[in-house]
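Below is one structure; the comments refer to it alone.
Just so it is clear, none of the values below were taken in a lab; they were calculated from the coordinates. It should be emphasised that the depicted structure is a prediction, and the values quoted were computed from it without experimental measurement. Cβ sites come from the backbone with ideal geometry, for glycine too, and all protein chains shown count toward neighbours.
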Protein chains: 2
Amino acid sequence: MAGKANLVVGQSGGPTAVINNSLVGVIHQAMQESSIAGIYGMRHGIAGVLNEDFVDLRQESAGTLELLRDTPASALGTVRRKLKTDDYDKLVDVFVKYDIRYFLYIGGNDSMDTVYQVSQMAKRRGFELHVIGIPKTIDNDLAQTDHCPGFGSAARFVASAVRNSGFDTRSMGPDGPVKLLEIMGRNAGWLAASAVLAKECESDAPHLIYLPERRISQEQIVQDVRHALDTYGFCVAAVSEGIVDEDGEPYAAPSGRVDAFGHEVKLGVIESVAEIIDSSLSIRPRFDKPSYLQRSFAELQSSVDREEAYRAGREGVLAAVADASGQMISFERLPGADYTIAYRLQDLDKIANAEKIVPAEYINAAGNGVTEAFVAYARPLIGGPLMPFGRLAMHPVARL
Amino acid sequence: MAGKANLVVGQSGGPTAVINNSLVGVIHQAMQESSIAGIYGMRHGIAGVLNEDFVDLRQESAGTLELLRDTPASALGTVRRKLKTDDYDKLVDVFVKYDIRYFLYIGGNDSMDTVYQVSQMAKRRGFELHVIGIPKTIDNDLAQTDHCPGFGSAARFVASAVRNSGFDTRSMGPDGPVKLLEIMGRNAGWLAASAVLAKECESDAPHLIYLPERRISQEQIVQDVRHALDTYGFCVAAVSEGIVDEDGEPYAAPSGRVDAFGHEVKLGVIESVAEIIDSSLSIRPRFDKPSYLQRSFAELQSSVDREEAYRAGREGVLAAVADASGQMISFERLPGADYTIAYRLQDLDKIANAEKIVPAEYINAAGNGVTEAFVAYARPLIGGPLMPFGRLAMHPVARL
């Protein structure tokens with residue numbers, strides 16, 4: 001046991017719509033633990049430790065903490081920073097100086113590597129530090145866990161965006177029949193795949209989903225779009241920002257030309273795909289790039305994601321005071337008809353440099369959509385169905 | 001009086017998140033009018049009349065109509081089509097053939113011109129047709145009305161998007177301090193202006209709002225961004241897609257180069273502005289282009305907008321059966337502390353080819369933001385405050 005000592009918590013990497021739930025979970029649980037003295041927050045993650053820039057979270061009001069659960073982005077500020085060995089030494093120096101023996105870090109792959117290195121350094125230095133990682137990433141690509149907090153809310157936003165924009169496209173008829181939505185996820189297509197949850201019937205958007213996990217040729221894209229247009233009269237595609245062609249070359253590519261400012265012009269992935277469709281089918285696709293809205297849209301929080309993120313924070317503190325260290329809270333989905341999660345601990349060394357991509361059984365044979373198995377996996381995570389929409393029955397008036 | 005005859009209703013131009021409320025308002029009111037026999041919907045607007053492609057709206061269930069009020073985009077399908085004189089003749093032929101004497105059309109500027117021409121043609125032909133326009137446009141640029149249905153919901157979405165993405169940017173610190181959001185509105189900056197409703201305090205996003213109504217030089221953009229960074233540590237700008245430089249040249253401009261497919265590469269407005277900032281300040285801005293989500297995001301319907309759109313549909317039918325024609329339902333804001341609207345009729349010839357841009361008193365002196373007068377104008381339209389967010393008080397821990 002570390003005995004009565006201070007706890008520090010930080011947020012790292014890209015924010016999410018529910019990451020503050022994990023922060024509040026940590027604070028709420030820490031307040032119940034007699035072995036925890038100060039509850040400190042690091043400003044801008046690990047940078048806040050190096051700069052000794054801590055805030056006293058015990059002084060925050062209960063009302064503020066409740067509101068934070070609705071508030072997107074990282075309330076403590078976040079950071080993207082690759083540390084050097086010297087930095088890890090400095091971190092442990094600061095922990096010693098401030099009597100910090102509990103270190104909770106909410107983050108994704110890179111952050112889990114940081115957490116792992118901190119735990120190793122503390123061990124080498126013989127300093128008793130309880131280091132626990134709390135998972136967070138809309139990319140859903142952490143190993144050793146069923147899914148990651150942040151993903152369910154981003155998936156709910158993406159499904160909602162595709163559905164809303166899909167209804168828009170359908171109503172345009174021949175005046176704008178092709179819509180592309182660019183979805184985050186450079187190496188892992190989990191979020192693009194979740195666009196499928198927009199679909200209530202066969203003709204609904206999205207008609208095509210392209211993931212980085214499957215190479216896709218220009219010819220197939222053109223063929224797929226033509227087929228959707230022939231079948232449904234319109235075509236909505238969810239396109240991961242990371243898709244690559246049959247040679248593994250990214251569609252989002254430098255064009256080799258410079259603009260008026262002397263900068264190289266890069267064609268975004270969605271612009272590249274739009275050009276391909278336009279030049280082959282003479283249809284100018286419309287597109288949406290919701291970008292950072294995907295990870296920050298508070299109004300589309302998943303209720304499941306929100307609760308799990310909160311609980312992960314509490315579990316992190318429980319593990320730390322129970323003498324665990326060098327581990328991450330992970331989610332195990334229990335067998336059974338109902339969706340139930342058990343919270344586990346996994347060793348950080350198995351997580352730090354791994355990346356979980358969408359497995360083959362979740363991608364359809366044509367490589368342009370996902371399977372029912374993926375739908376079964378993803379549906380519980382978005383926290384209940386999207387709001388119901390209506391559709392006219394369209395009884396024709398007899399022609400005279 | 002036209003006597004007992006059929007009514008036809010259609011939707012035209014870009015859809016909105018509440019346009020189906022106007023459709024349902026028309027149907028509900030028409031069902032109460034003894035002078036109305038059939039209630040027909042035209043599929044894809046005026047194209048549905050020319051093709052005699054009508055649906056029988058009396059056969060839709062009450063439940064479907066209720067759900068439609070939550071459903072974005074044009075349930076009947078929409079159209080963008082400039083008619084010729086022959087077409088107007090053909091339209092009146094179809095009205096005669098189907099005994100249609102009530103013509104309700106939900107649309108924006110171009111659609112109101114169509115409605116006006118139809119009313120003129122019917123008059124020339126001596127056919128008693130009651131033609132009423134129901135306003136609809138997220139651009140909010142129709143003349144002779146305080147505002148337009150569709151705008152309030154789009155403004156609510158934009159305010160929410162800027163706030164969510166702004167919290168995200170603030171939390172990134174120096175790792176991504178500049179964010180640009182591209183907002184719809186080619187000639188009128190009403191929607192970009194409404195980003196101001198994201199702001200709860202001085203340091204909140206948006207720090208800059210650029211509208212098409214004010215020329216803005218590259219130098220000013222750079223100066224403005226630098227000032228915001230110096231003052232707040234981050235900078236979020238809402239940029240209308242239609243902004244022009246000091247010579248009136250659009251920022252969204254053809255680059256004069258062709259890509260691999262032989263197509264001219266166009267720099268989007270937001271990409272152009274990003275390049276300017278990057279080349280001057282060596283900061284690569286991040287950006288969001290929510291595009292069609294702005295007009296279709298059902299979850300961000302404004303309750304006020306929704307009710308007004310519905311009511312405008314009802315008022316349209318009331319006017320038509322009261323023998324009005326060649327007019328549009330307009331909104332008059334009544335004087336007084338509380339927001340109250342009176343529904344009026346305005347002649348279409350004053351609306352058909354006019355465009356209402358943001359007036360000077362709503363734009364700040366520097367041309368990079370809006371005034372309190374604009375806030376007072378826009379706030380009631382978005383239907384109550386955005387959901388409350390929390391902020392940490394950030395009591396510092398004493399340095400040791």
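Taking B:R58 in one copy and the same position in all the others, each labelled 7 Å out along Cα→Cβ, what are the pairwise distances from the first, in nm, shortest first?
7.5
Rule-of-thumb check for segment B:276-400: C-alpha Rg over 2.2 N^0.38 Å?
Normalised Cα radius of gyration, segment B:276-400: 1.58.
Using +1 on the beta carbon of Lys and Arg, -1 on that of Asp and Glu, and nothing else charged, what's the dipole of chain B about the Cα centre, debye to 20?
The calculation lands at about 560 debye.
DSSP loop (so not H, G, I, E, B), at most 13 other Cβ within 10 Å: list which GluC sites (Glu not before Pro) in segment A:280-371 pass both filters.
The qualifying sites are A:E355.
How high is the relative contact order of chain A, given as a whole-number percent (alpha carbon pairs under 8 Å, six or more residues apart)?
22 percent
Once the Cβ-Cβ distance between A:Q59 and B:R399 is put in as r, and R0 is 25 Å, what FRET efficiency do you end up with, to the nearest 0.05?
0.95
With the cut-off at 1.5 for a/c, could you classify segment A:1-79 from its C-alpha gyration tensor as rounded, prolate or oblate? The partial results should precede the final answer.
Working: a/c = 1.98, a/b = 1.21, b/c = 1.64.
Oblate, since a/c reaches 1.5 and b/c is not below a/b.
Taking each residue of B:296-302 in turn, how many C-beta atoms of other protein chains fall within 10 Å of its C-beta, and what is the average?
Neighbouring Cβ atoms belonging to other protein chains average 6 per residue here.
Considering just Cα atoms, how many Å³ per residue does the convex hull of the protein assembly as shown enclose?
For the protein assembly as shown, the hull spanned by Cα atoms encloses 169 Å³ per residue.
Work out the mean other chain Cβ neighbour count within 10 Å for the residues of B:382-388 and drop it here as an integer.
Per residue, the number of nearby Cβ atoms from other chains is 2 on average.
Scan chain B and report its longest stretch carrying no trypsin sites (Lys or Arg not before Pro) that are both in a DSSP loop and have at most 10 other Cβ atoms within 10 Å. Write out the running numbers ahead of the final one.
Details: sites that count: B:K82, B:K84, B:R399.
My reading of the result: B:85-398 is the longest stretch.
So what is the relative contact order of segment B:56-159, in percent, for Cα pairs below 8 Å that sit 6 or more residues apart?
Numbers: 90 pairs, mean separation 20.3, N = 104.
Normalised by residue count, the contact order of segment B:56-159 is 20 percent.
Along Cα→Cβ at 7 Å, what distances in nm separate the B:S282 label point from those on the other copies, shortest first?
5.0
Just to check I understand the Karplus step: with θ = phi - 60° and J = 6.51 cos²θ - 1.76 cosθ + 1.60, what whole-Hz values come out for segment A:174-185, glycine and proline as x?
x, 7, x, x, 10, 10, 10, 10, 8, 10, 5, x
Once whole DSSP H runs in chain B are found, which of them have Cα atoms spread over 15 Å or more along the helix axis and a mean Kyte-Doolittle score of at least 0.0?
Span-like helices, by this rule, are B:19-31, B:151-172, B:269-281.
Express the Stokes-Einstein translational diffusion coefficient of segment A:346-400 in µm² s⁻¹, to the nearest whole number, given a Kirkwood radius over alpha-carbon pairs, 4 °C and a viscosity of 1.567 mPa s.
81 µm²/s
For an R0 of 45 angstrom, estimate the FRET efficiency from the Cβ-Cβ distance between B:Q120 and B:E200 and round to the nearest 0.05.
0.35
Since chains B and A are linked by a rotation, which residue in B has the beta carbon closest to its axis, and how far is it in Å?
For chain B, the closest residue to the axis carrying it onto A is B:K289, 2.
Karplus couplings for segment B:331-348 from phi (6.51 cos²θ - 1.76 cosθ + 1.60, θ = phi - 60°), rounded to Hz, Gly and Pro as x?
10, 10, 7, 7, x, x, 5, 8, 6, 9, 10, 10, 8, 10, 10, 10, 5, 5
Between copies, how far apart are the B:G126 label points? List them in nm, one decimal, shortest first, with each point 7 Å from Cα toward Cβ, please?
Taking the point 7 Å beyond Cα along Cα→Cβ, the inter-copy spacings are 11.1 nm.
For every helix of n ≥ 4 consecutive DSSP H residues, a contribution of -39,500 (n - 2.57) applies; sum these over chain A, divide by its total residues, and give [θ] at 222 nm rounded to the nearest 500 deg cm²/dmol.
-10500 deg cm²/dmol
List the residues, sorted by chain then number, that are 5 or more residues from B:V8 or on another chain and whose placed amide H is less than 5 Å from its amide H.
B:Y40, B:Y102, B:F103, B:L104
So how far, in whole Å, is the C-alpha centre of segment B:312-367 from the one of segment B:34-53?
Between the Cα centre of segment B:312-367 and that of segment B:34-53, the gap is 25 Å.
Among the listed pairs B:K4/B:K97; B:K136/B:K199; B:K84/B:K289; A:K4/A:K82; A:K84/A:K350, which have their C-alpha atoms separated by more than 24 angstrom in this model? Display every interim value, and only then the final one.
Details: B:K4/B:K97 15 Å; B:K136/B:K199 27 Å; B:K84/B:K289 35 Å; A:K4/A:K82 31 Å; A:K84/A:K350 21 Å.
Pairs exceeding 24 Å: B:K136/B:K199; B:K84/B:K289; A:K4/A:K82.
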